[in-house]
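Here the structure is laid out as structure tokens; the discussion comes afterwards.
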Amino acid sequence: MTGRVFVTVGTTGFDDLVGEFTSPAVQHELVRQGYSDLVVQYGTSQAMFDTLLPAQGLKVRGYSYKADIASDVQEADLVISHAGSGSILECLELGKPLVAVVNTRLMDNHQQELAEALAERNHLVATTPDSLLRTLQERKYRSLKPFPPSDPTVFARLLDSC
């Protein structure tokens, strides 16, 4: 398998998330699951990304920002994203398996509320940076329910309830 994982942190930085991919354990788990290509949109976390040494069998590339990440999401077999509403919605609308990583350092954490609400409905897997390896090992992202594409108000109502 030549699977691709796309990681996105959005327009700001998320050192805790990018830092997880510098871990040999996380990289080896990706390779073990058949992924050979890792693309990281690292935002302002370039210094953290630059410390990444790819595991054998894993091709890694990254960039700070691009206006439209839809092609990266579309080409991915798995998306690991910060839990911002825009990124979550884009991934769900494109029908990609999504692991949403909540930034636990945020004060008023609407990301956590949204990610947990969608995880309860089995549309994504919610985790934190510290739990990412275990989340990948559990592979729950392989049995998610598709997000209903025909009713865009579902996401808006869910967002309003958080």
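The values are calculated or read from the model by the stated rules, or taken from the named source; none is laboratory data. These numbers come from a predicted model, not from an experiment. Positions of Cβ are generated from backbone atoms using ideal geometry, with glycine treated the same way; all protein chains shown enter the neighbour counts.
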Neighbours by Cβ (under 6 Å, 6+ apart or cross-chain): first from the stretch 108-120, small (G, A, S); second part of a helix (DSSP H, G or I): A117/L158
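Quick check on my filter: what residues within the stretch 56-87 are part of a helix (DSSP H, G or I) and within 21 Å of G3 (Cβ to Cβ)?
First, the residues of the stretch 56-87 that are part of a helix (DSSP H, G or I): 70-75, 85-87.
Across the stretch 56-87, the qualifying residues are A70, S71, D72, V73, Q74, E75, S87.
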Expected single match for closer than 13 Å to Y42 by Cα and either buried (at least 17 other Cβ atoms within 10 Å of the Cβ) or modelled with pLDDT under 95 (or both) among K96, K66 is K66
Any pair with Cβ under 6 angstrom, 6 or more apart, that starts in the stretch 79-95 at a residue that is without any contact (Cβ under 8 Å) to a residue 40 or more places away in the chain and ends at one that is surrounded by fewer than 24 Cβ atoms within 10 Å (Cβ to Cβ): C91/V73; L94/V73; L94/Q74
I'm checking my understanding of the structure. Among residues of the stretch 106-135 that are touching a helix residue (DSSP H, G or I) at 6+ places or on another chain (Cβ under 7 Å) and assigned to a loop (DSSP other than H, G, I, E, B), which one is farthest from D37 (Cα to Cα)? H123
Please indicate, with yes or no, whether at least one residue in the stretch 19-27 is surrounded by 16 or more Cβ atoms within 10 Å (Cβ to Cβ), touching a helix residue (DSSP H, G or I) at 6+ places or on another chain (Cβ under 6 Å) and closer than 20 Å to K140 by Cα. yes
